[in-house]
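The values are calculated or read from the model by the stated rules, or taken from the named source; none is laboratory data. Since the model is a prediction, treat every value here as computed from it, not as a measurement. Cβ: placed from backbone, ideal geometry, glycine included. Neighbour counts: every protein chain shown. Only protein heavy atoms, including side chains, enter the accessible area calculation; ligands, DNA and RNA are left aside. Shrake-Rupley method; radii C 1.70, N 1.55, O 1.52, S 1.80 Å.
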Amino acid sequence: MGMFNYPRRGFLKGLGAAGAAVMAGGRVQSALAQEASRAEGRRSGPSRAIRGADFPAEHFVIRHEPIKWPKNARIAVCWVVNFECYSDTSDSFDIPHKDYSSKAAFRRLVNLFGKHDIKADWYTNGLIATRYPDTLKELAQLGHGLVGHNFANNVSMVNATEAQEHELIKRTLDDMERASGGVRPLGWFGSGGAGTAKTFELLADEGVIWTSDYASDDVPYLVPAGSKKLVLVPYMREANDTQTYGTNRHPPSALLQRFKDQFDVLYAEGEHYPQMLFLSMHAWLTGHPSGRKELEATIEYAKSFPDVWLTTETDIAKWWIDQKYS
Amino acid sequence: MEFSDNFKTGTRSISMMDHARIRTAPIEWPNGAAVAVTFTVIFEFFMGSSGECTRSIYGGRRGVWRLMDILDRNQIKGSFLVNGSAAEKFPSAVKEIHKRGHEIAAYGYSGDTILSSLTPEAEKAEILKTLKILTEVTGVRPVGWVSPDIRPGDGTLGVLANEGMMWNGDFPNDDLPYKIKIDGKPLLIIPYTLESDDKLIYTNGGQPTSVWTSTFTDSLDVLCDEGKTHPKMLNATVHADMMGRAVGTKSIEQAIRYAKSQPKVWITTRTDIAKWWEKKQYT
């Protein structure tokens, strides 16, 4: 799960001496440790990940006719922050590393977005509501988008049972609503975009109106969610710091280059077929000082063009519903 | 005395001695070209539950359409490798590829069904099913085959030859095609270029798309030089849901423009290469 494949050690909260005894060659093997994993819905069963063969027909209906954005914008642009937290079943490196998100990175990113009057979408692990509730209260007050992003990023929704999956969704949304002072997220992105054939229905039942789980188009479309529908606002991982900086240690400028490469093409296409672009970052990566200049440059670049709608995915989803787009 | 399996060689369809034949005599391309270049688009769909199944939807909804537009505005024909399931899910996209005159070759049924993992019966059924779907959707039976993930099974070449297929593109083992006989029937192997492949460089390798372009243009420079005396071929591949996204457009157009700017480059399709090979009676 983490960037580094360190052996699991430490942070087996509550295991005490038994926890110490379960380390065998760096691997956690005892029944007790397995129980800890199971409690988190992690590796607790066979994968229930959705199969390509199970996709409903809506995914295969190609939109050829252009849509319109507000003020006839050629492109809608969003900045997405993956705001992550790892639970106690993770290892002793990942927990503090992801905690950088809420401690140092949060303030830097909030200040930067504030300086440019940008509202971002914060893909928030529910555990942040427990560990750093004030961050969510502040984001809500500032009008940023609060988006559910699983309970903790090291927890699998697809290896969980359906009941556990529902619990992970509900607990995340409930906790975020409470910590933020009453803002229940309208959007959802599973950890790594992972989900089951049941996910959309569970989300809709909990009041969610949009998801970005699939990287399946350039513009949104409606997908069935039980008896309801969700707006699928397709994810983009092309300008994404895990692709450039996190895994591959390209210089931070690589993120800016990818953003520009996509922006230029989509903006040109947007003259006849309005398009959408996200820059997707992780607070623990781009929220580091090394990322700030390039992140700021993406904002300035997008702002230097006319007919650009700087928005959030929640506002895109609301627009989609208002316009009755399919 | 029985030898152990360690000493068996040349017994599998993918190791038979036909593949080991080295061509030293130069061939000619049309108009004295030094290099034949193919631009390949892989249009796949994943029926299973790999992490790639949701993103593979992008290929049919958006990626192939953008790539067709790029090829058309640069006035070249692409070599599209299409999964049978992609044609089932997105028939209008596959019909459009055919209508615009690009080559459609078969790429197995599903991106995550690897032929080498199947029983011989299932492998054959997978190939026949794919050919049937593509024939129904476009009205024309494909003459070429590349296996998903470039991993043929031991029975793949035999099934293809017996089905009267013209060429197979599973072997990244040479710079020129070569003919084999299997079950007494001919099949042309058109080698695959793994180097300029966006899945390896961009998606799995995490490199900027410009690395895909420079890998291709560096290779082309060398082959243009070698091709003065010994003409060669080169392929560049993009996947509809990878560099078929907006992020790849500039790099793809740079590569195409560079190839077009070379005086002795023949931009073509695998099937036209196979027809030329047949016409010249090359082995």
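Numbers below:
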| quantity | calculated |
| --- | --- |
| Shielding by other protein chains, A:51-61, mean Cβ within 10 Å | 6 |
| Taking all pairs of distinct alpha-carbon atoms in the protein assembly as shown, Kirkwood radius in angstrom | 26.0 Å |
| Computed lengthening from B:Gln75 to B:Lys279, 0.36 nm per intervening residue step minus Cα-Cα distance | 70.9 nm |
| Neighbour-limited loop hits for trypsin sites (Lys or Arg not before Pro), the stretch B:239-276 (at most 15 other Cβ within 10 Å; DSSP other than H, G, I, E, B) | B:Lys264 |
| Simple spin-label estimate for A:Ser290 and B:Leu128 in nanometres, 7 Å along Cα-Cβ | 5.6 nm |
| Furthest towards positive pole of dipole, B:Leu67, B:Asn6, B:Pro120, structure part the protein assembly as shown, Cβ charges | B:Leu67 |
| Cα pair distances in the stretch B:29-280, grouped into 5 Å bins until the bin that holds the longest one, percent each | 1, 7, 14, 19, 21, 18, 12, 7, 2, 0 |
| B:Lys260 paired with B:Ala20, simple spin-label distance in nm, labels 7 Å along Cα-to-beta-carbon | 4.5 nm |
| Cα gyration tensor, the stretch A:186-300 - rounded (a/c under 1.5), prolate or oblate | oblate |
| Computed over chain A, the ratio Rg/Rh where both radii use C-alpha atoms and Rh is Kirkwood | 0.97 |
| Cross-link partners of A:Lys71 among aspartates and glutamates (Cα-Cα below 18 Å; sequence separation of 8 or more within a chain) | A:Glu269, A:Glu271, A:Asp307, A:Glu313, A:Asp315, A:Asp322 |
| Accessible area expressed per residue, the protein assembly as shown, with surrounding protein chains retained (probe 1.4 Å, Å²) | 40 Å² |
| Total charge dipole magnitude, the protein assembly as shown, about the Cα centre, Cβ charges on Lys, Arg, Asp, Glu only, Debye to nearest 20 | 440 debye |
| Cα-centred dipole magnitude for the stretch B:228-283, charges only on beta-carbon of K, R (+1) and D, E (-1), debye, nearest 20 | 280 debye |
| Mean Cβ neighbour count within 10 Å, used as a protection proxy, ranking B:22-28, B:79-85, B:107-113, B:122-128 highest first | B:79-85, B:107-113, B:122-128, B:22-28 |
| Cross-link table B:Lys199/B:Lys232; A:Lys103/A:Lys229; B:Lys95/B:Lys129; B:Lys89/B:Lys232; B:Lys124/B:Lys280; A:Lys119/A:Lys293, entries beyond 26 Å C-alpha to C-alpha | A:Lys103/A:Lys229; B:Lys89/B:Lys232; B:Lys124/B:Lys280 |
| Positive-pole candidate from B:Leu131, A:Ala204, A:Ser280, dipole of the protein assembly as shown, charges at beta carbon | A:Ser280 |
| Positions from the stretch A:227-275 whose accessible area shrinks by 20 Å² or more when the full protein complex is built, not the chain alone, probe 1.4 Å | A:Arg237, A:Glu238, A:Asn248, A:His250, A:Arg258, A:Asp261, A:Gln262, A:Asp264, A:Val265, A:Glu269 |
| Heavy-atom accessible surface of the protein assembly as shown: percent carbon and sulfur, 1.4 Å | 52 percent |
| Selection of GluC sites (Glu not before Pro), the stretch A:225-312, meeting DSSP coil and at most 15 other Cβ within 10 Å | A:Glu271 |
| Peptide B:200-209 - average C-beta neighbours from other chains (10 Å radius) | 3 |
| Most to least accessible of A:Glu177, B:Glu96, B:Glu136 (protein chains only, probe 1.4 Å) | B:Glu136, A:Glu177, B:Glu96 |
| Total accessible surface hidden between A and B, rounded to 100 Å², 1.4 Å probe | 2800 Å² |
| Summed side-chain charge close to A:Val77 - residues other than A:Val77 whose Cβ falls under 13 Å, Lys, Arg +1, Asp, Glu -1 | -3 |
| Between helix A:313-322 and chain A: long-axis angle, C-alpha atoms, 0 to 90°, nearest 10 | 50 degrees |
| About the Cα centre, charge dipole magnitude for chain B (Lys/Arg +1, Asp/Glu -1 at Cβ), debye | 900 debye |
| Per-residue mean of C-beta atoms belonging to partner chains within 10 Å, peptide B:240-249 | 5 |
